[in-house]
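Engineer: What follows is a single structure, and I will ask about it in a moment.
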Amino acid sequence: MKSSIKINPEAAVHKIDRNIYGHFAEHLGRCIYEGIWVGEDSDIPNTRGIRNDVVQALKDMKIPILRWPGGCFADEYHWKDGIGSKESRARMINTHWGGVVENNHFGTHEFFDLCEMLETEPYICGNVGSGTVYEMQQWVEYMTFDGESPMADLRKANGRELPWNLTYFGIGNENWGCGGRMRAEFYADLYRQYSTYVRDYGENAIYKIAAGPRGDNYHWTEVMMREAGHFMDGLALHYYTRLRDHNFVIENPDGNRIYIKDPNAVRGQAVDFEESEWFGIMKAAYFTEELVAKHSAIMDKYDPEKKVALIIDEWGTWFDVEPGTNPGFLFQQNTMRDAVSAAISLNIFNNHADRVRMANIAQTINVLQAVILTEGEKMILTPTYHVFEMFKVHQDATLQPLEIQSGIYKFNGEEVPQLSASASVDAEGKLNITICNTDPHNAAPVDCNIGGLSGKQVTGRVLVASTMSSHNSFENPTQVKPEPFTSVELNQEGFHTDIPPMSVVVLTIH
Ligand code: AHR
């Protein structure tokens with residue numbers, strides 16, 4: 001079936017926040033250590049210990065914001081362990097992730113140094129699960145207070161005279177799970193308490209983000225918005241695109257849920273998979289639409305003016321680790337399947353730009369749906385990297401609402417839309433449309449009506465591969481990469497195009 005897209009520029013009112021293209025880097029496996037931080041004495045080219053190749057690649061992708069230090073790690077992190085001379089920093093066990101020794105060589109100063117090199121916004125997650133209110137208060141003072149104070153003096157003694165600009169601060173992470181196994185009502189009160197002491201010093205205004213629900217835990221959103229909605233700027237939803245969950249969920253009579261890790265859960269391989277697993281991931285990615293719509297509807301009830309943002313600060317695919325690697329390191333390869341599912345999720349976030357103002361894919365390097373993989377001094381860009389690079393045209397552009405009549409991709413009696421798309425107009429007046437085809441066998445013919453926007457010229461790029469599991473490796477680093485796309489023709493109403501099977505396309509009309 002032919003698909004059609006109709007753009008409605010008259011309904012265009014919302015900006016696509018650049019932070020939807022955000023990332024997340026945790027002290028987990030080889031994300032921070034090796035992926036970002038190699039130390040000043042490393043043979044790998046670095047600036048003050050931070051890899052030059054990775055910085056350049058992330059800048060090219062236009063990374064707008066970076067969340068750190070976790071994740072589950074954040075609720076065990078004590079920031080004072082990560083300041084001062086490297087030799088004197090505390091060594092701790094990273095109990096969540098592989099039980100390895102964390103030497104704290106990458107701490108607050110190194111994180112801000114990284115953000116300055118990347119020209120990206122820092123987003124720090126504080127410790128509610130095992131940290132005190134005082135500890136969190138002092139961290140914010142250390143980072144942002146300009147003048148004389150115990151924490152500002154300590155910062156200066158550690159070599160940083162001026163405070164840093166810090167806007168985004170998370171008050172805990174997954175406090176229904178690794179962040180303290182709390183009930184929503186209990187965390188809502190703790191959030192109110194902790195957030196009171198996260199202060200704005202001088203001109204620095206903190207944007208406070210509350211730990212939000214896991215997937216379809218609507219009770220959590222309801223309670224948080226009701227009890228603490230007035231005290232937050234954002235609520236963080238976590239949703240991983242998985243074939244199977246790795247938790248048992250027990251629903252309590254009061255609506256609260258307990259998540260218990262299933263040690264035997266099998267999530268499928270990242271590269272070696274069947275079409276049923278391709279289809280399952282497409283379906284799981286499309287479920288993001290339902291989640292965003294339902295959580296947004298609850299938020300609308302308490303916050304009709306949409307002051308509080310829905311922030312999806314952990315999302316992405318989650319498979320079994322690569323055979324032979326540490327199960328606690330969450331290292332997985334990245335294929336065309338990851339690329340198409342990322343495109344579906346990003347299109348959904350764009351199309352909900354009225355409420356979704358940040359998203360952070362998990363995780364930047366060597367962990368889960370990474371955009372970069374490293375092996376010693378080698379670095380490769382994954383298919384997911386290329387999707388982020390292609391979609392960067394939407395950052396801060398004006399969302400163009402669209403109606404899609406999509407063809408269907410059927411598998412084993414089940415179906416999902418063949419096409420996902422979103423569109424925006426940038427500051428120069430160019431119309432950018434991103435489209436992906438979930439069907440691994442059939443091209444998608446599409447007629448697009450651009451609603452009277454002028455279009456004299458069209459250019460495009462496509463990310464496509466020969467198999468569902470095509471990926472980049474250290475031996476073949478450019479197997480999957482964007483190519484020019486020419487299968488598009490302008491016409492009276494807009495354009496006609498044929499989107500190849502299992503592909504991601506960006507079109508620019510000007
Ligand atoms: O991204 C990996 C982990 O997934 C994070 O640490 C945690 O917040 C989530 O459960």
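Each value in this text was obtained by applying a stated rule to the coordinates, not by laboratory testing. Keep in mind that this is a model prediction, so the values were computed, not measured. Cβ sites come from the backbone with ideal geometry, for glycine too, and all protein chains shown count toward neighbours.
Engineer: Order by neighbour count: Met143, Met182, fewest other Cβ atoms within 10 Å first, most last.
Structural biologist: So the residues, fewest neighbours to most, are Met182, Met143.
Engineer: Mind listing the long-range amide H neighbours of Tyr33? Cut-off is under 5 Å, sequence gap 5 or more, other chains count too, H placed in the peptide plane at 1.01 Å from N.
Structural biologist: Residues meeting the criterion, in which the H sits 1.01 Å from N, are Leu28.
Engineer: Calculate how steeply helix 184-196 sits against the longest principal axis of the alpha-carbon atoms of the chain, using the helix alpha-carbon long axis, and give the answer as 0 to 90 degrees to the nearest 10.
Structural biologist: With both axes taken from Cα atoms, the answer is about 60 degrees.
Engineer: Here's a follow-up. In the range 43-147, what percentage of the DSSP-assigned beta bridges are antiparallel, given to the nearest 5?
Structural biologist: Roughly 55 percent of the DSSP beta bridges within the range 43-147 come out antiparallel.
Engineer: Follow-up. Please give the helix 108-118 orientation as an angle from the longest Cα principal axis of the chain, in degrees from 0 to 90, rounded to the nearest 10.
Structural biologist: Its long axis makes an angle of about 30 degrees.
Engineer: Next question. Taking Cβ-Cβ under 4.7 Å as the only way to count a partner, pick out the unpartnered cysteines of the chain.
Structural biologist: Here Cys31, Cys115, Cys125, Cys436, Cys448 come out as lacking a disulfide-compatible partner, given the Cβ-Cβ threshold of under 4.7 Å.
Engineer: Determine, for each peptide in 270-277, 459-466, 358-365, the mean count of other beta carbons within 10 angstrom over its residues, then list the peptides with the highest first.
Structural biologist: With the highest mean Cβ count within 10 Å placed first, the list reads 358-365, 459-466, 270-277.
Engineer: Name all residues of the range 121-156 having a backbone nitrogen under 19 Å from the label point set 7 Å from the Cα of Ile93 along its Cα→Cβ direction, giving them as ranges.
Structural biologist: 130-131
Engineer: Moving to a separate point now. Placing +1 on the Cβ of each Lys and Arg and -1 on the Cβ of each Asp and Glu in the chain, which of Asn217, Asn334, Cys125 has its Cα farthest towards the positive end of the resulting dipole?
Structural biologist: It is Asn217, whose Cα lies furthest towards the positive end.
Engineer: For the range 80-188, what relative contact order do you get, as a whole percent, if you take Cα pairs closer than 8 Å and at least 6 residues apart?
Structural biologist: 23
Engineer: Now for a separate question. Could you pull out every one of the aspartates and glutamates with an alpha carbon less than 15 Å from that of Lys15, ignoring same-chain neighbours closer than 8 positions?
Structural biologist: Asp354, Asp396, Asp426, Glu428
Engineer: Also, quick follow-up: If each residue's Cβ is checked for other Cβ atoms within 10 Å, how do Leu291, Leu310 rank with the fewest at the top?
Structural biologist: Fewest-to-most ranking of Leu291, Leu310: Leu291, Leu310.
Engineer: Same structure again: Counting each DSSP H run of 4 or more residues in the chain as -39500 (n - 2.57), what helix-only mean residue ellipticity at 222 nm follows after dividing by all residues, to the nearest 500 deg cm²/dmol?
Structural biologist: Theoretical 222 nm ellipticity from helices: -7500 deg cm²/dmol.
Engineer: How far is helix 275-302 tilted, in degrees, relative to the longest principal axis of the Cα atoms in the chain, given as a value from 0 to 90 rounded to the nearest 10?
Structural biologist: Approximately 60 degrees, to the nearest ten.
Engineer: Exposure proxy check: Tyr77, Tyr142 ranked by fewest other beta carbons within 10 Å?
Structural biologist: Tyr142, Tyr77
Engineer: Let me ask another. Check cross-link reach from Lys156 to the lysines: straight Cα distance under 27 Å, and skip same-chain residues fewer than eight apart.
Structural biologist: Result set, ordered by chain and number: Lys80, Lys86, Lys208.
Engineer: Calculate one ³J(HN,Hα) per residue across the range 366-374 by plugging θ = phi - 60° into the Karplus curve 6.51 cos²θ - 1.76 cosθ + 1.60, and present them in order as whole Hz with x for glycine and proline.
Structural biologist: For the range 366-374, the Karplus-derived couplings read 6, 9, 6, 7, 6, 8, 9, 10, 10 Hz, x marking Gly and Pro.
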